[in-house]
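Chemist: I'd like to ask some things about the structure below.
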């Protein structure tokens, strides 16, 4: 992982795991992410994770419902162009998870805000297909 991407990832992990996210989003009662090592340990051993699995996963609790969270991290000047990663995130979104890619903490907060609002609307309207896979 590129150094710049690692810096972004560490900022986002700190944001979630020091509970700063709870101050920004009052509907969120719990939030935690985990860094996923989705590379094989060496060239002869492959990962067991599905193709496109993102860098971070975790969960947030919104309105008493635990919602899975998937975040793909990119360096500040990069975009997510990997089709497998984009397909994975889109599939998880279609199942009611919060899933997105970002390249800085501000981007993460903006995309998280947008998807939390969608999730709250789904819960309140009874259209929730929340994935607690």
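The values are calculated or read from the model by the stated rules, or taken from the named source; none is laboratory data. Keep in mind it's a predicted model, so treat the numbers as computed, not measured. All Cβ positions, glycine included, derive from the backbone under ideal geometry; neighbour counts span all protein chains shown.
Chemist: So which pairs qualify, if the first residue must be in the stretch 77-100 and closer than 18 Å to residue 121 by Cα, the second must be surrounded by fewer than 14 Cβ atoms within 10 Å (Cβ to Cβ), the Cβ gap must be under 8 Å, and the two must be at least 6 apart or on different chains?
Modeler: 95/129; 95/133; 96/129; 97/133; 99/90
Chemist: Another question, if that's okay. Hey, any hits in the stretch 72-87 for a residue that's surrounded by 18 or more Cβ atoms within 10 Å (Cβ to Cβ), within 12 Å of the chain's Cα centre (by Cα) and under 16 Å from residue 116 (Cβ atoms)?
Modeler: Within the stretch 72-87, none of the residues are surrounded by 18 or more Cβ atoms within 10 Å (Cβ to Cβ), within 12 Å of the chain's Cα centre (by Cα) and under 16 Å from residue 116 (Cβ atoms).
Chemist: Could you please find all residues in the stretch 3-39 being surrounded by fewer than 12 Cβ atoms within 10 Å (Cβ to Cβ) and at pLDDT below 80?
Modeler: Hits for the stretch 3-39 are 37, 39.
Chemist: For the stretch 102-117, give me each residue that is under 17 Å from residue 55 (Cα atoms) and surrounded by fewer than 19 Cβ atoms within 10 Å (Cβ to Cβ).
Modeler: 104, 105, 107, 109, 111
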